[in-house]
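Worksheet: the structure to be examined is printed underneath.
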Amino acid sequence: MMTERLTKLFRTALLALWAAFSLFSAANAQKVADSQNATTTAAVPHLEIDGSQIAAHVSPTLYGLMTEEINYSYDGGLYGELVRNRIFKDDASAPVHWSVVQNKDDKDKDKGAAGAIALDQAQPLNDVLTTSLRLDVTTASDAHRVGVANDGYWGIPVRAGGKYRASFYARAASGFTGPLTLTIESNDGATTYARAEIQHLTDKWQPYTASLTIKKGAPLVTGRFVISSKRPGRVWFNLVSLFPPTWHDRPNGNRVDIMKLLADMKPAFLRFPGGNYLEGDTIPTRFDWKKTLHELAQRPGHQGPWSYRSSDGMGLLEFLEWCEDLGMQPVLAVYAGYSLKKDFIAPGPNLQPFVQDALDEIEYVTGDASTTWGAQRARDGHPAPFKLTYVEIGNEDEFDRSGSYDGRYAQFYDAIKARYSSLQLIATTKVTSRTPDVIDDHYYRNAGQMEGDAHHYDNQSRTGTKIFVGEWATREGSPTTNLNAALGDAAWMTGMERNSDVIVMSCYAPLFVNVNPGAMQWHSDLIGYDTLTSYGSPSYYAQQMFNTYLGDVVLPIHAESIPTKEWQPPARRGTEVLPPKQQLPTLFFNATRDSKKGTVYLKVVNTADAAQPVQIKLTGLAGVGAEGQSIVLTSANPTDTNSITEPTKIVPVRTTVTGLGASFTRSFPAYSITVLQLQTQ
Ligand code: AHR
């Protein structure tokens with residue numbers, strides 16, 4: 001058994017070792033590179049893992065997810081809704097994504113059906129959904145329908161056998177009672193994949209629902225959703241919705257294939273709702289959580305900061321249910337009085353309503369049904385409170401040049417701690433007014449920068465504020481990242497893992513991108529999808545490997561003869577002057593051990609263009625088995641990647657390997673990330 005003292009001593013020794021390895025600061029890069037070159041070129045790298053010591057305890061929440069509405073992450077992404085612009089507020093001047101369908105006579109195009117559609121503010125559904133879609137059918141017959149078509153988010157997915165649920169509110173001008181025909185069909189209307197009928201329209205707003213089952217044998221294609229009539233008349237529509245089957249069959253739920261990708265990552269937490277999406281461009285367009293509650297007919301949606309409008313179908317409760325579905329704990333970010341276009345609310349009485357809003361939000365998440373907001377959550381359909389440990393106050397407040405964050409943080413901190421003393425409060429940048437429990441660091445870099453900084457936290461104080469690496473990514477490849485990015489990510493993750501006594505949580509960003517033209521605002525994302533399919537990038541698989549094969553303690557590694565390569569750092573932003581070249585290691589590693597099972601997970605990242613033999617020694621551990629598992633992610637070229645058309649070009653390959661033991665040599669392929677799973681007693 002290890003004493004804490006021994007652990008600390010060992011950590012100190014380990015840190016000293018890594019400090020000696022701190023090759024990569026601009027100041028000493030060349031000097032270190034020369035000495036490295038002089039001593040390491042010929043020797044085989046050597047890793048000695050000391051199983052008798054614990055360098056750090058691994059945070060059980062080390063790997064999680066970060067999410068916000070960007071790149072059509074929810075609307076047109078995870079959120080199952082298929083109808084785009086369902087409440088007709090996306091554009092005040094036209095019913096965008098809607099078109100009129102008029103089946104003309106085959107022989108005489110002037111004959112057949114005639115009709116028109118328009119936005120109508122004179123027929124609001126309620127105080128929130130104030131714009132309706134009016135359909136005027138002037139000429140129609142059994143052979144010639146008139147209707148409205150929605151083109152969805154880059155098409156409506158047609159999936160054979162899929163049971164879809166359509167719903168809408170409608171009212172008709174007197175004299176028209178229907179029927180209305182609902183179809184999922186090809187874009188030219190020639191092929192119908194599913195059909196349903198709605199009867200008995202009245203001159204009052206009424207909700208209608210129907211089930212549409214896609215024919216067996218239908219091709220996997222995109223089409224459109226049409227509501228049509230064969231009789232003349234006038235109908236208004238609002239909140240027109242179409243859902244495919246969802247994860248766990250949740251009403252208003254999430255897309256199954258994307259949830260499956262997330263579930264496979266086994267994330268410990270979800271940081272939401274942003275990111276910039278929390279802040280909004282302006283104070284009125286922040287994530288105003290109270291407007292994202294209740295039934296959908298009470299949600300107005302809002303303009304997001306990433307150039308499009310959000311339906312807010314993914315509201316606060318849906319975020320929480322997403323957590324529940326994947327066994328993640330919520331990491332709730334509360335709006336803290338600063339928005340992207342530099343609007344801010346100075347600390348003091350004007351900020352107080354926003355502080356109260358955050359307290360109400362925490363009560364909505366955690367309060368039981370005897371509390372005001374806990375009761376509201378129960379009325380919204382979720383009586384059980386959610387467990388909450390971390391609350392983040394704002395997002396990237398270092399961009400608030402007014403300097404107001406210190407005071408704003410203090411005001412939120414005091415109010416939240418007074419009511420919820422056990423909550424851990426995260427600051428988004430350095431503050432001096434209060435001591436935050438956790439500070440959120442963000443890194444967006446290229447692969448060389450990530451590799452060069454993989455030891456960033458090695459010298460971090462072990463007793464100070466904990467770290468949340470709340471956004472990070474190696475940004476190479478588009479729309480999703482390539483293998484080189486995954487190598488940079490993996491190098492960086494070895495550093496986070498090694499320091500996971502201080503790094504309590506980490507999450508990559510952005511999580512999602514819809515790969516259709518025009519959908520992406522931020523390149524190099526983790527998971528890509530179109531209307532029909534989805535895939536994980538090499539970075540996705542790197543994270544999956546790091547999280548799946550993870551022990552509860554970090555074992556110290558003594559390393560020798562680590563090879564290096566020359567690397568050109570990019571020019572500083574706004575300049576063309578290149579900094580001096582640096583030497584980067586080409587080998588990164590970390591070892592953790594599952595102290596109950598005795599399994600050791602050695603992660604080795606080889607960024608070089610050639611296979612790298614490494615001598616590996618395990619000391620202080622009894623009975624290291626000769627047989628183990630190797631899980632390898634690699635490809636021939638660092639720019640290789642996955643895509644919609646090649647979704648699994650680069651995936652981890654797991655094999656049983658022999659020849660392991662207390663001392664062995666193993667070769668790690670060029671451009672590879674490897675987990676060696678070794679069994680000990
Ligand atoms: O992840 C994309 C954006 O990067 C986030 O919204 C923001 O927090 C950061 O600047």
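The values are calculated or read from the model by the stated rules, or taken from the named source; none is laboratory data. Just so we're clear, the structure is a prediction, and the values are computed from it rather than from any experiment. Please note: Cβ atoms are built from the backbone with ideal geometry, for glycine as well, and neighbour counts cover all protein chains shown. Remember, those area values only see protein heavy atoms, side chains included, never the ligands or the DNA or RNA. Shrake-Rupley method; radii C 1.70, N 1.55, O 1.52, S 1.80 Å.
Would you please list the contacts, defined by Cβ atoms under 8 Å and residues six or more apart or on different chains, that run from a residue in region 608-623 that is farther than 16 Å from T592 by Cβ to a residue that is among the basic types (K, R) and surrounded by fewer than 17 Cβ atoms within 10 Å (Cβ to Cβ)?
Qualifying pairs under 8 Å: A608/K565.
Suppose we filter S99, S59, S73 for residues that are among the hydroxyl-bearing types (S, T, Y) and open to solvent by less than 10 Å² (accessible area, probe 1.4 Å); which single one remains?
Result of the check over S99, S59, S73: S73.
Do we have any residue at all in region 509-532 that's of a type in the set (V, I, T), within 19 Å of the chain's Cα centre (by Cα) and more than 19 Å from L270 (Cβ to Cβ)?
Taking every residue of region 509-532 in turn, at least one turns out to be of a type in the set (V, I, T), within 19 Å of the chain's Cα centre (by Cα) and more than 19 Å from L270 (Cβ to Cβ).
Give just the number: which of (1) away from the ligand (no atom under 16 Å from the Cβ); (2) in contact (Cβ under 8 Å) with a residue 40 or more places away in the chain does A196 not satisfy?
The single condition A196 does not satisfy is (2).
I'd like the full set of residues that are open to solvent by 10 Å² or more (accessible area, probe 1.4 Å) and in a strand (DSSP E or B), limited to region 472-514.
Residues satisfying the conditions are N482, V504.
One line per residue, one yes/no per condition, for (1) open to solvent by less than 20 Å² (accessible area, probe 1.4 Å); (2) touching a Gly at 6+ places or on another chain (Cβ under 9 Å):
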site	(1), (2)
N276	no, yes
H294	no, yes
Q298	no, no
D312	yes, yes
D325	no, yes
A333	yes, yes
A369	no, no
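Could you tell me which residue of region 384-402 is surrounded by the most Cβ atoms within 10 Å (Cβ to Cβ), considering only residues that are in a strand (DSSP E or B) and of a type in the set (A, V, I, L, M, F, W, C)?
Among them, the one singled out is I393.
Would you tally the residues in region 195-226 being under 12 Å from Y169 (Cβ atoms), open to solvent by less than 40 Å² (accessible area, probe 1.4 Å) and not in a loop (DSSP other than H, G, I, E, B)?
Residues meeting the conditions: 2.
Can you spot a residue in region 461-473 that is within 16 Å of the ligand (Cβ to nearest atom), among the aliphatic types (A, V, I, L, M), within 30 Å of Y79 (Cα to Cα) and within 16 Å of the chain's Cα centre (by Cα)?
Yes - at least one qualifying residue is present in region 461-473.
Pick from L78, L119, L62, L82: which is more than 30 Å from P267 (Cβ to Cβ) and aliphatic (A, V, I, L, M)?
Matching residue, one of L78, L119, L62, L82: L119.
Where in region 517-607 are the strands (runs of 3 or more DSSP E), entirely inside, with at least 1 residues that are without any contact (Cβ under 8 Å) to a residue 60 or more places away in the chain and away from the ligand (no atom under 16 Å from the Cβ)?
Filter on region 517-607 gives 564-567.
Filter region 568-601 for residues that are of a type in the set (F, W, Y) and touching a Phe, Trp or Tyr at 6+ places or on another chain (Cβ under 9 Å); which is surrounded by the most Cβ atoms within 10 Å (Cβ to Cβ)?
F588
When you scan region 408-415, do you find a residue that is touching a residue at least 40 places away in the same chain (Cβ under 8 Å), within 16 Å of the ligand (Cβ to nearest atom) and either over 22 Å from L316 (Cβ atoms) or surrounded by fewer than 22 Cβ atoms within 10 Å (Cβ to Cβ) (or both), even just one?
No - not one qualifying residue is present in region 408-415.
Condition test on D281, is it closer than 23 Å to M520 by Cβ, in contact with a His (Cβ under 7 Å, 6 or more places away or on another chain) and not in a helix (DSSP H, G or I)?
Spelling it out, it is not the case that D281 is closer than 23 Å to M520 by Cβ, in contact with a His (Cβ under 7 Å, 6 or more places away or on another chain) and not in a helix (DSSP H, G or I).
If a residue must be surrounded by 22 or more Cβ atoms within 10 Å (Cβ to Cβ) and not in a strand (DSSP E or B), how many such residues does region 437-454 contain?
6
Residue-wise test of (1) within 22 Å of S404 (Cα to Cα); (2) within 15 Å of the ligand (Cβ to nearest atom); (3) part of a loop (DSSP other than H, G, I, E, B).
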position	(1), (2), (3)
K266	no, no, yes
G274	yes, yes, yes
H294	no, no, yes
L320	no, no, no
P330	no, no, no
K342	yes, yes, yes
P347	yes, no, yes
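Can you work out which of the residues in region 58-81 that are within 18 Å of W247 (Cβ to Cβ), touching a Pro at 6+ places or on another chain (Cβ under 8 Å) and in a loop (DSSP other than H, G, I, E, B) is farthest from the ligand (Cβ to nearest atom)?
It comes out as G80.
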